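Okay, so here's the structure we're looking at.
The values are calculated or read from the model by the stated rules, or taken from the named source; none is laboratory data. This structure is a prediction, so every number in the text was calculated from the model and none was measured. Please note: Cβ atoms are built from the backbone with ideal geometry, for glycine as well, and neighbour counts cover all protein chains shown.
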Amino acid sequence: MLSRHLGITALLVLNLSGLFYSCKKDSTASTEGESTNGSVVTVKAAGILNGVNLQPSYYNNGNPVIDWALMKQQTKIKTVRIEIEPGFETQAKNWISGAVSNGFAVIATYHKYTVLGSDNVSDLNAAANWWLANYAQLSKAGAFTINLINEWGSHNLSANAYASAYNTAIETVRKVYSGKIIIDIPGWGQETAVAAAAAKGYNGGIKIKDTNYILSAHIYPGAWNQAKNRYVNTSDIDDLISAGVPCMIGEFGNAGGSGANWSAIVDYAKTKGLAVLGWCWNGDGNDMNMVAPSWATNATATAFSLNNYFNVVYDKL
């Protein structure tokens, strides 16, 4: 969601200057929580279960303390999605190894705050080439599922353009990685109908050719479905599922706009068997941090406690 990341932009300048359970390869992925919706196998069957997000790149030069012990005590957290800003590859190895060694499934996401919502294919290809260059070293820290790029694609991106761009990007990543690839749907993770059309190739349109990917939506109070000229609602989860590929909620939270019933949407997604990942354990530039202090207010903190926002997220897992 754009407004969430605008707060991060300012923090980036300040902080840079101030300065799964382990996920198996696909052939052996856990089927815990497996369920189906018609012919659609949900993400839980792909070895990804409910969890939380982390965004450590912008704090203490990418070296904030992550209280893995406190997180591990929260037994509904099974998966950790870690957003990695390019340039923080060395630090990312520590984040991944910490999550894996504490028994969490890991999603590693290329995150570049300056290109959120971009329709520029070169930005998507830059992410794919980053994985080409860095996957081998990062994977030595522990097994993870690739989320190719965070929130690429605006509300104006067509299904054909989305499918075409991802076909090229996925082909690049496949040179080094054969596992499941998570791709965020367009419109900052909100254009469900566009993503479903790209997955199906409606009416002879361009189709996403890869057969081993997961569509990921991001749900906040301001979630907007421009294709339908309204705020996102529960029916959009059905649209997403109609894509015929695994789907998930890669981010959800209670801030950033109004108009969408984020809570009902997340609950509905769970009834359909989708994994849901809350934003965020720590790393948000504003108030959506499950622990205190947030890295945004104390980038060198070494002790943390659960706060009121923790319950907002955790009750949904």
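Only one residue in Ile214, Ile219 is in contact with an Asp or Glu (Cβ under 9 Å, 6 or more places away or on another chain), under 21 Å from Ile183 (Cβ atoms) and among the β-branched types (Val, Ile, Thr). Which one?
Ile219 is the lone residue from the list that is in contact with an Asp or Glu (Cβ under 9 Å, 6 or more places away or on another chain), under 21 Å from Ile183 (Cβ atoms) and among the β-branched types (Val, Ile, Thr).
Report, by residue number, each residue of the range 55-92 that is surrounded by fewer than 22 Cβ atoms within 10 Å (Cβ to Cβ), touching a Leu at 6+ places or on another chain (Cβ under 6 Å) and assigned to a loop (DSSP other than H, G, I, E, B).
Lys76
For a quick check of your reading of the model, give me the residue pairs whose first member lies in the range 196-220 and is closer than 21 Å to Tyr268 by Cα and modelled with pLDDT of 95 or more, whose second is part of a strand (DSSP E or B) and of a type in the set (Asp, Glu), with beta-carbon atoms closer than 6 Å and at least 6 apart or on different chains.
Ser216/Asp184; His218/Glu251
Pairs only if they're at least six apart or on different chains, beta carbon under 8 angstrom, first in the range 126-154 and in a helix (DSSP H, G or I), second basic (Lys, Arg); list them, first residue then second.
Ala126/Lys112; Ala127/Lys112; Leu132/Lys175; Gln137/Lys93; Leu138/Lys93
Of all residues in the range 90-118, which are farther than 20 Å from Asp67 by Cα and of a type in the set (D, E, K, R)?
Residue satisfying the conditions is Lys112 alone.
Could you tell me whether the range 106-123 includes any residue that is among the small types (Gly, Ala, Ser) and either touching a strand residue (DSSP E or B) at 6+ places or on another chain (Cβ under 6 Å) or over 30 Å from Asn203 (Cα atoms) (or both)? Lay out the reasoning, then the answer.
Going residue by residue through the range 106-123, those that are among the small types (Gly, Ala, Ser) are 108, 117-118, 122.
From what is left, the residues that are either touching a strand residue (DSSP E or B) at 6+ places or on another chain (Cβ under 6 Å) or over 30 Å from Asn203 (Cα atoms) (or both) are 108.
Yes.
Restricted to the range 229-261, and to residues that are of a type in the set (A, V, I, L, M, F, W, C), farther than 20 Å from Tyr213 by Cβ and touching a strand residue (DSSP E or B) at 6+ places or on another chain (Cβ under 8 Å), which residue is surrounded by the most Cβ atoms within 10 Å (Cβ to Cβ)?
Selected residue: Val232.
Which residues, counting only those in the range 237-295, are touching a Cys at 6+ places or on another chain (Cβ under 7 Å) and under 28 Å from Asn203 (Cβ atoms)?
Scanning the range 237-295 gives Leu240, Ile241, Leu274.
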